[in-house]
Structure formats: C-alpha cells, structure tokens
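A short worksheet on the structure shown next.
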Amino acid sequence: MVEPLNPPKRKNPLKRTQQQTLPPAARSRSAQLLTQAAAEGRFALQRCAECKDYIYPPREVCPNCLSVDLALTDAPDGGVIVSETTTHVTSDSYFRERMPWRIGMVKLDCGPIAVAHLHGDCQDGDRVRATLRLDKSGQAVFFAIPTEPTPNMDQDRQWYEMVAKPQFRRVLVTNGRSAIGQAVASALAETGATVYVGIAEPWKPFPGEEKLRKGNFKIVPLDAPDERSVRELAADIGGKIDILVNTSEFIRPGGLLDRSRTTVIRDEMEQLYLGFVNLAQSFAPAMLGRGADQINSAAAWVNIFSVHALANWSAFGTHSAAEAACLSLSHCLRGELRSGGVRVINLFTGPTDTEWFQTLPPPKVAPKALGSAVVKALNEGVEEMFVGDVAKEIQQNLVDNPKSVEREFTNRHT
C-alpha cells in the first residue's frame, strides 16, 4: 500500500543545487498523437478507419490492412497486467536517480499490449485502468493505476513524477484583487499548499479583501505590469515558489474599430502581455533551476486564458488578440521550462460570472469552478484544460470546422 507523503524537509541552502535530468524524449511524429491525448487528459490511441483495430505502438500505416487512415480515437482504458518487474540498475541518468522503478506489460481490453509505468498498488495479474500521462520531458507515457481508489492513491512516488500535485508546495497567485484570483487561492489552500497572493495597490480596498486577509494566505505586493514591483517580489520569494498561477485579467468589450485611439489596446497589452513577460523573466529562471529538488521542486506554471485566444470574438476583439499573444508566449515559455521539468498548463475558459460579462446570458463559468479546475489540472498533470460549456464547445468545433467558428463569432458582433 502507498504510504502518505510527509511534509518536505527544509532545503539545505549550503548544498549544491542539482540539475534536472529528463527521461528519454525521442518520439516519432506519429507518437506525438499520444502526447496530444495526454496533454488533454484523454486516453486515446490510433484506430484504423478500415479494419477498426486500435494501433499501438503508433504507426504510419495499419499493420493489419495497410490503411493510412489512423485517426486518434478515445479508447477503452481497461486492461490486465500480464507481467511486471522492478528495475534497480539502469544507465539512464533520470531513472538512476529514482530507482527502484516499477514497469510492466498491460494487455489492453481494446487489443494492444503496452509497456507502462506501474502504480504502487498494482500487482501482476491485477485489472487496471490505463492512462496516458506527460512525463518530465513532456512526452506521453502509459501509466497503469488501480481501477478503484486506494488509500493515498495520488501520493504514489512514481505517479508524483507525472503530475504537479500542489500539496505541501508553495504557490503564487498573481492577482488577488479579482474574484477568480481569490477563488483559485482558496482552492489551492484547501489542498495543503502554502499560498502567496499578489495584491496591486494594497492601500486600495477591493471586494473580498477582508476574507482574503483573514484567511490562511500570505499577502504580498505584486503589480504584474510594473517591472519593478515584480522584480522586487521575485528577489524576496522567487526562490521559494513551486507553482505560479497567472490570474492577471483586463477585460474590456470592443473590437478593433471601436477603439478610436490605442489607449485601451495599450492597457490590454500592458496588463496581459507585458505582465506575463515581467512574471516570466523574474520568476521562471529560479523555477527552471529548481526542477531537481524532488518533493521540494518547482512544478508548474499555470495560465488562465479566455478560449477566444484560440478563436477571436469580435465583441471583445482586441482583448481576444491580447490573449492570443499571451498564448503564443506560453508556448515559448513551455519550451524553455521543459529542460527543468516544469510544466506550463493553460486553462481556457468561456465568459466568466464576473462584472465584465454581466449582461451576457448563461452559461458562464463561476470563479469557484475555475479554482477547482486549476487544482484538477495540477493533480492530473495535463497541459491543456477547457473549462465550462462554451470553451468545450469551441474546442470541439475548432477540431471539426475552424472556419465555422470564425464566422460564428465575427457575425455576433454588433
């Protein structure tokens, strides 16, 4: 049975900081389909459109009928462990630091046999649930877990390497003045994380301030667009932060032609894009250097974006464009933080139940739902999560017919 995690010991500042090592990352282009599924938290395999066989390992052509139509398809995730072993010696530097390590062969109900990492509560002959997870190198791997919950199931040592569990970690939520920032901070505090909450202009009252100050949070001065403010905070706590949640927001209605001048557009870019730049340049280098600290390690950078970063909504056109710029920047940051084993997680949401979307009809996403989604994304180690009905519908429609999404949201503007 998996033993519960204990709070980590304080790091000895006199010890040399180790460099992060990564598991093997070489993958074929076809194998990146599994990475796509793992990034979204799905269990999916290639499936031949002709003979209907599920294919593993990923291939360019079906080994049964030679069809090249092998679409990524959600698959049954049940299976049985047909063999297992524990590795104690290896030449790979990543696994050598983490020995012993359990792996096994899982016969999937849908047909293929896959090599998988094994949860500590899974034994040879057990029925298991197969999952696809992103390892520290950002690539998809199979991970077999029990079919039913077990005590301390989410604290398995090998599982911990595949996720960014916030328990015992130190988290910075960048904007505590907003309802979303407060909801995210509360959700993270409930997991057992130490939560720092950034407040710009702390002398100015704001809704929810009393509850925030009386809660189990560490209030810190932080104004993301202000480079000096960000750098001063990073100099103080940057070396402690394990997870950063970027909750910066600046929402104003209007498209490109609604702006008679560039004032609002400048504000959007300053608050969102340049705020992101300041946070990344000040906090990310320290996180990058702390990826090898095991349970004390830096784990994840989380962004909350509008789903219209993917499909511009002309009613909020320039805001959508600023969000799209931040999304592109997140992809750059993801590549730069990968060498340290730090995940960049993007949450996409439709209209939220906040003042700037007051006149819009439901469905809207409650701030509390976003807080829960942040915790879920960290616990599952995904890279992309769509929150709420609107975001999920747009995600699916972008796969089916992106041009229809473009027309739908540009035709709604009045």
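The values are calculated or read from the model by the stated rules, or taken from the named source; none is laboratory data. Keep in mind the model is a prediction, meaning the values are calculated, not measured. Neighbour counts run over all protein chains shown; Cβ positions are idealised from the backbone, glycine included. Just so you know, the surface numbers come from the protein's heavy atoms only, side chains and all, with ligands and any DNA or RNA stripped out. Shrake-Rupley method; radii C 1.70, N 1.55, O 1.52, S 1.80 Å.
Data for the structure
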quantity	calculated
Residues being over 24 Å from G371 (Cβ atoms), open to solvent by less than 70 Å² (accessible area, probe 1.4 Å) and among the charged types (D, E, K, R) - total across segment 230-251	0
Qualifying residues in segment 234-262 (those that are among the charged types (D, E, K, R) and modelled with pLDDT of 95 or more) - the one farthest from R10 (Cα to Cα)	D236
Where a residue in segment 377-400 is over 20 Å from A38 (Cβ atoms) and in contact (Cβ under 8 Å) with a residue 12 or more places away in the chain and its partner, wherever it lies, is open to solvent by 50 Å² or more (accessible area, probe 1.4 Å) and not in a helix (DSSP H, G or I), with Cβ under 6 Å and at least six apart	D389/P363
Index of the failed condition, Q395 passing every other in (1) assigned to a helix (DSSP H, G or I); (2) within 16 Å of S306 (Cβ to Cβ); (3) open to solvent by less than 50 Å² (accessible area, probe 1.4 Å); (4) not aliphatic (A, V, I, L, M)	(3)
Some residue of segment 25-37 being closer than 23 Å to E97 by Cα, of a type outside the set (A, V, I, L, M, F, W, C) and touching a helix residue (DSSP H, G or I) at 6+ places or on another chain (Cβ under 8 Å)	yes
Output for segment 29-39, where each listed residue is open to solvent by less than 60 Å² (accessible area, probe 1.4 Å), out of contact with any Lys or Arg (no Cβ under 7 Å at 6 or more places or on another chain) and more than 23 Å from N379 (Cα to Cα)	A31
Segment 66-91, residues that are over 28 Å from G125 (Cα atoms) and surrounded by 13 or more Cβ atoms within 10 Å (Cβ to Cβ)	S67, L70, L72
Scan of segment 251-276 for residues that are part of a loop (DSSP other than H, G, I, E, B) and within 13 Å of G317 (Cα to Cα), ordered by number	I251, R252, P253, G254, G255, R259
Qualifying residues in segment 341-388 (those that are outside any helix (DSSP H, G or I) and acidic (D, E)) - the one modelled with the lowest pLDDT	D353
Residue ID - farthest from Q182 (Cα to Cα), chosen from residues in segment 326-359 that are touching a residue at least 12 places away in the same chain (Cβ under 8 Å) and β-branched (V, I, T)	V342
Segment 10-31, residues that are free of Cβ contacts under 8 Å to residues at least 60 places away in the same chain and within 20 Å of G291 (Cα to Cα)	R10, N12, P13, L14, K15, R16
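Residue-by-condition table, conditions (1) within 25 Å of G381 (Cα to Cα); (2) of a type in the set (K, R); (3) touching a strand residue (DSSP E or B) at 6+ places or on another chain (Cβ under 7 Å); (4) without any contact (Cβ under 8 Å) to a residue 40 or more places away in the chain:
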site: I237; (1), (2), (3), (4): yes, no, yes, no
site: S248; (1), (2), (3), (4): yes, no, no, no
site: S260; (1), (2), (3), (4): no, no, no, yes
site: L279; (1), (2), (3), (4): yes, no, yes, no
